[in-house]
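Report on the following structure.
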Amino acid sequence: MTIDTEATARAVELDVTEVRRDFPILQREVHGKPLVYLDNSATTQRPDSVIDAMSDFYRTSNANVHRGVHQLSEEATDAYEGARDKVAAFLNADSTQSVIFTRNTTESINLVAHAWARRHVREGDEILLTVMEHHSNLVPWQLLAQERGCKLRFLDIDEFGHLQLDHLDEVLNEHTRLVSLAHVSNALGTVNAIPTIACAAHSVGAKVLVDGAQGVPHGPVDVQALDCDFYAYSPHKALGPLGIGVLWGRRDALEEMDPFLGGGEMIRDVTLERSTWATVPHKFEAGTPSVADAVGLGASIDYLEGLGMAAIRRHEVRVNEYLLQRLRDLPWLTVYGPADPHDRCSLASFNDNQIHAHDLGTILDQHGIAIRAGHHCAKPLMRRLGVMATARASFYIYNDLDEVDRLVDALFEARKVFGLAT
Amino acid sequence: MQGLDDLYREVILDHYRTPHGADSIEDPAVRVEGFNPLCGDELVMELSVDATGRIVALHVEPNGCSISVASASMLVQQLSGKTLAEAIALKDTFKAVMRGGSWPEGQDFGDLEALEGVKNFPVRIKCALLAWMTLEQALAQHDPALADQVEADDDIEVKTH
């Protein structure tokens with residue numbers, strides 16, 4: 001993570017008890033136990049302020065955007081475009097116009113695969129990915145490769161789940177058109193060295209797309225400091241609503257790209273035979289957008305910035321330190337990913353050497369603990385690790401050390417259920 | 001925990017620790033692989049049927065959770081030496097039970113009855129069904145006339161060889 005100085009200066013630590021009060025769902029019980037929500041890498045929960053902002057929009061300002069001259073439409077448009085301003089500032093984007101709203105990270109990546117790559121990638125060209133990618137950053141490129149006859153290459157990981165940067169020059173060359181990789185691995189938690197990779201990619205003339213689905217929630221993100229060309233993320237993994245995604249792109253790259261979807265909103269003029277396109281970002285936003293979700297996204301950014309992204313990152317490192325220490329004390333557990341909590345976001349992927357991850361998931365659920373068990377939409381990575389599945393506990397701003405203890409207690413209980421020694 | 005004790009009964013854990021059907025068979029007439037794409041569980045099944053329509057050899061290599069492994073192991077335990085008609089009848093009964101039905105009166109289904117507790121964990125029912133839906137494909141491969149036994153299912157995919 002790059003930590004910007006302004007955020008670092010705000011040295012206030014996160015008050016987890018205070019934070020928890022803002023999340024109504026954390027009051028509920030599951031199977032008679034207080035909920036311990038550790039599936040934040042799948043989606044986080046939402047604070048009251050986000051839920052209220054969305055419901056207030058529907059109650060007071062609901063209308064379609066960018067059309068209509070009436071008051072409500074104007075308010076809705078301001079709310080929608082205001083959210084774009086917030087995202088731009090949040091990511092330190094070069095301009096507000098370079099922020100595009102999509103449905104999710106997957107759609108953002110597909111947008112680049114269609115609107116940029118289909119213009120620039122030809123037979124014999126190469127796209128560099130990594131073995132740790134989520135399916136959403138693999139499948140769009142596989143489809144492109146089938147269509148264009150380009151070649152996909154992959155950067156491997158070492159035994160600790162770090163990308164093998166010393167092998168970068170073996171997979172990167174003058175044929176590479178694009179390097180597309182995760183900012184943070186959703187299955188290992190590894191934080192990748194984006195600026196280093198971007199520098200190498202640019203030196204051979206390749207563009208860089210960063211899948212920031214797991215990057216944005218966990219610390220300050222500055223797309224200019226990362227030196228990438230495109231950055232995609234899903235606000236629902238950072239307190240925002242489900243159903244809206246973000247793509248940031250360098251203005252010059254976006255300007256020369258073709259549209260993605262055709263329809264209303266994205267045109268300048270339409271005749272029966274042909275059309276001309278609206279300017280960016282609207283060129284890429286065909287159809288009525290999810291305005292209330294954009295409003296909720298704006299509120300989620302306000303909430304996160306109120307806490308301070310640097311403070312969130314420090315909280316995560318503190319929780320992760322304790323989490324890794326407690327999990328490594330269990331001799332029957334294999335914990336995947338980097339050893340140093342500073343090199344990862346606050347999630348742990350692990351396996352009991354005798355209990356399958358799905359069984360752990362079921363047993364933990366009976367203790368009120370929500371984790372993810374499975375391949376995490378990263379089957380190639382699972383094969384690389386030589387496993388079918390892992391259990392993944394992912395923490396966020398409302399999870400504290402006592403929930404690490406609840407998790408570990410339940411892992412002991414699972415051993416008991418299976419009649420195994422502890 | 002009542003729910004967990006009901007799911008992870010000792011007999012299920014016994015099958016998980018030492019599954020039946022682990023020994024490979026020579027020149028199997030049929031080999032199929034079942035997958036549960038949602039969770040990644042896999043299962044290889046091989047079987048041979050004699051001229052009288054009796055299952056004379058059955059081998060499974062389950063790679064998954066305790067429920068899918070135990071269910072596959074119980075399938076081998078129950079079906080080895082049975083006729084194809086008996087295998088189909090048991091398969092249909094088991095699927096019906098997993099989907100909310102009851103065990104037919106007056107019959108003993110052995111260890112298989114212990115999987116009853118899975119019904120209370122809806123997301124795990126697919127785990128218990130993997131072996132049995134893989135069996136359907138194996139039967140169809142053995143005899144194309146049994147192709148109507150194969151139930152299309154979005155969550156379970158079976159490859160034939």
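Read-outs: derived from the displayed coordinates by stated rules, not from any lab. This one's a predicted model, so the numbers in the text were calculated from it and none came from an experiment. FYI the Cβ positions are ideal-geometry reconstructions off the backbone, even for glycines, and counts take in every protein chain you see.
See the values below:
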read-out	value
Folded to 0 to 90 degrees: helix A:194-203 orientation relative to chain A principal axis, Cα	40
Exposed trypsin sites (Lys or Arg not before Pro) absent: longest stretch of chain A, with sites in DSSP loops and at most 13 other Cβ within 10 Å deemed exposed	A:123-273
Reachable aspartates and glutamates, given that their alpha-carbon falls under 13 Å from the alpha-carbon of A:LYS237 and they are not under 8 places away in the same chain	A:ASP39, A:ASP211
Positive-end extreme of charge dipole, the protein assembly as shown - chosen from A:ALA200, A:GLY212, A:PHE284 (charges on Cβ)	A:PHE284
Tensor-based shape of the protein assembly as shown (alpha-carbon gyration tensor, a/c under 1.5 rounded, otherwise prolate or oblate)	prolate
Per-residue ³J(HN,Hα) for region A:54-59, Karplus 6.51 cos²θ - 1.76 cosθ + 1.60, θ = phi - 60°, Hz, x for Gly and Pro	5, 6, 4, 4, 5, 6
Above-threshold pairs, the threshold being 22 Å between Cα atoms, out of A:LYS86/A:LYS283; B:LYS91/B:LYS126; A:LYS33/A:LYS416; A:LYS33/A:LYS379; B:LYS91/B:LYS119	A:LYS33/A:LYS379
Added length on full extension, which subtracts the Cα-Cα distance from 0.36 nm per residue, A:THR96 to A:GLU29	20.0 nm
Footprinting exposure proxy for B:ILE156, A:ILE369, B:ILE25 (fewest neighbouring C-beta atoms within 10 Å first)	B:ILE25, B:ILE156, A:ILE369
Prolate/oblate/rounded label for region A:51-305 (Cα gyration tensor, a/c 1.5)	oblate
Region A:259-354: GluC sites (Glu not before Pro) falling in loop per DSSP and having at most 16 other Cβ within 10 Å	A:GLU273
Per-residue HN-Hα couplings for region A:246-254 [Karplus 6.51, -1.76, 1.60; θ = phi - 60°; Hz; x = Gly/Pro]	10, 10, 9, x, 4, 3, 5, 5, 5
Cβ-derived FRET efficiency at R0 25 Å, A:GLN224 paired with A:HIS135, nearest 0.05	0.30
Top of A:ALA370, A:ALA42, A:ALA378 by mean-square fluctuation, Gaussian network on chain A, Cα under 10 Å	A:ALA42
A:ASP329-A:ASP258 pseudo-label distance in nm [points 7 Å out on the Cα-to-Cβ vector]	5.9
Residue order, fewest to most beta carbons within 10 Å, for A:ASP258, A:ASP293, A:ASP94, B:ASP41	A:ASP258, A:ASP94, A:ASP293, B:ASP41
Whole-Hz couplings from phi, Karplus 6.51/-1.76/1.60, listed for region A:25-40; x for Gly and Pro	5, 6, 7, 7, 9, 10, 6, x, 10, x, 4, 10, 8, 10, 10, 6
Sorted by Cβ neighbour density within 10 Å, fewest at the top, the residues A:ASP229, A:ASP15, A:ASP352, A:ASP359	A:ASP15, A:ASP352, A:ASP229, A:ASP359
Cα-based shape type of region B:1-72, given that a ≥ b ≥ c are square roots of the gyration tensor eigenvalues and the cut on a/c is 1.5	prolate
Listed residues A:VAL121, A:ASN92, A:HIS66: farthest to the positive end of the dipole of region A:1-155 (Cβ charges)	A:VAL121
Helix-derived mean residue ellipticity, 222 nm - over the protein assembly as shown, DSSP H n ≥ 4, -39500 (n - 2.57), to 500	-11000 deg cm²/dmol
Extended-chain gain in nm, criterion 0.36 nm per residue less alpha-carbon gap, A:ALA421 and A:ARG20	140.8 nm
Residue with peak Gaussian network fluctuation, chain A [Cα springs, cutoff 10 Å], from A:LEU254, A:LEU272, A:LEU72	A:LEU272
Neighbour cut-off at most 16 other Cβ (10 Å), DSSP loop, chymotrypsin sites (Phe, Trp or Tyr not before Pro), region A:313-346	A:TRP332
GNM flexibility winner over chain B from B:GLU86, B:GLU33, B:GLU46 (Cα, springs under 10 Å)	B:GLU86
